[in-house]
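The values are calculated or read from the model by the stated rules, or taken from the named source; none is laboratory data. Computed from a predicted structure; not experimentally measured. FYI the Cβ positions are ideal-geometry reconstructions off the backbone, even for glycines, and counts take in every protein chain you see.
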Amino acid sequence: MSEQLSWLTGRIITSDMPRYAEVCTGWNSRIRHRPEVVVTPGDAADVQAAVRFAAELSLPVRVQSTGHGALAAAEGGLLLDTSALTGIRLDPVARTAEVGAGTRWQELLEAAHPYGLAGLSGSSGNLGVTGYALGGGSGWLARKHGLCSDSILAAEIVTANGRLRWVDTDREPELWQAVRGGGPNVGVITKLRLGLVSVPQVFAGATYWPIEDAAEVFALYRDWVAGTPLELTSALTFLQYPESPALPEPLRGRTLVALRGVYAGGESAAVEVLRPLRSRPGAVLDSFREMAYREIDTVTNDPVKPLPRTGYSTAVTELPAGLVELARTGESFVSLEARHVAGAGARLGAEGAEFLVFTMAVTPDETSVAEAGEFGRKVAQVCAPYRTGHNLMSFLLAPPEAGGLPEQVAAAFPAEYRERLAAVKAHYDPAGLFGGDRRLVQP
């Protein structure tokens, strides 16, 4: 133990130090970790030392970079803040990128842009690459190119015995497969090698209508979306915007229904595909345009600032009509979305799904948390007849209470995948150090 502590000199933060509160929260500021100790590794050797230290004391290990994926606070144990493990090594010929565990998507998208390449990112460039990829990751290119986890070609990982391993299809392939969608259950990732795709330009944006038009827009979208090509990933989204000067004037202080979409192809083809929806009269704003994929943030304009958030998500086989009735001004949501995933991205927890449905609310106090929880239950009830019973690990959202998380995590996977993951976890992490709020517990 003393040897590991000596190695980590200057990398340890305890509750009596000024930085403790800062590193124990993240993008979802409602989740505030209270670990016994925080380690901020500067390289893979630091991660090895931290894991050995945790193993000697039987401390559970929680990993966090940006905090976007936090579902529940860590109580005790060791928190590994991997945000300093950055760095990108791009190979434009092989169309691959090696990224450190603390790299954010915008950094990778900017690096890949000059070569007409992109990674399979989500909606926000502020999101960490690694946590998103480990949990599946269904983004704007998923229908054509699959989940982000499918693009993991290799991983550098520290397992529970403190050993640093490089795993891929040839070296410890069962561990490599567990990394690709199984979340943080089998070790601490220090580096990923990702496959990139050729995306010189996309046609992307959103069209917004007043919420009073929601029923008609919903019906149009439902009838249209099933016939759209795999190049298009779209979503029907209900939004309640605040009165903010940072927003375009037509959106301020309004409840709206929106078509969001990204077409991975030429503008002329995209315009024709989107015409049945975009031509509907009454839109208050249309932001669709041709853009570089590195600008993909502008489709949703997800907030970068940490805020307290509560949410619910599920995977469904068809679009639930009851969502329209829930999307009323004053209800406890900022965003209520049904994202079309049918295609190459309908794998792992999205297997058999046509849509991933989620709702998110800003919840600064206990009353708002309870209200968001009640709204999530309403969404669950509306979706119940169509639920697949599974979900993507990266799509799970912070619930009002953490009590049911083990069941949610276990149910996220189809049974066959869950059993394989459990077997790999039992072999590489027999003491159950890893997983945090996504730790797999067999039902």
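Looking at region 86-99, which of the residues that are in contact with a helix residue (DSSP H, G or I) (Cβ under 8 Å, 6 or more places away or on another chain) and in contact (Cβ under 8 Å) with a residue 24 or more places away in the chain is nearest to residue 156 (Cα to Cα)? If you could, list the steps in order and put the result at the bottom.
Filtering region 86-99 for residues in contact with a helix residue (DSSP H, G or I) (Cβ under 8 Å, 6 or more places away or on another chain) gives 86, 88, 90, 92, 97, 99.
Applying the additional criterion that residues be in contact (Cβ under 8 Å) with a residue 24 or more places away in the chain yields 90, 92, 97, 99.
Details: 90: 16, 92: 21, 97: 13, 99: 10 Å.
Checking each candidate, the answer is 99.
Within region 347-384, the set of residues being buried (at least 21 other Cβ atoms within 10 Å of the Cβ), among the aliphatic types (A, V, I, L, M) and under 12 Å from residue 323 (Cβ atoms) comprises 357, 379. When restricted to residues that are of a type in the set (Gly, Ala, Ser) and part of a strand (DSSP E or B), region 205-228 contains 2.
Of all residues in region 389-413, which are among the hydroxyl-bearing types (Ser, Thr, Tyr) and surrounded by fewer than 24 Cβ atoms within 10 Å (Cβ to Cβ)? Let's see the steps before the verdict.
At the first step, the residues of region 389-413 found to be among the hydroxyl-bearing types (Ser, Thr, Tyr) are 394.
Selection gives nothing.
In the set 431, 422, only one residue is loosely packed, with under 14 Cβ neighbours inside 10 Å, among the hydrophobic types (A, V, I, L, M, F, W, C) and modelled with pLDDT of 90 or more; that residue is 431.
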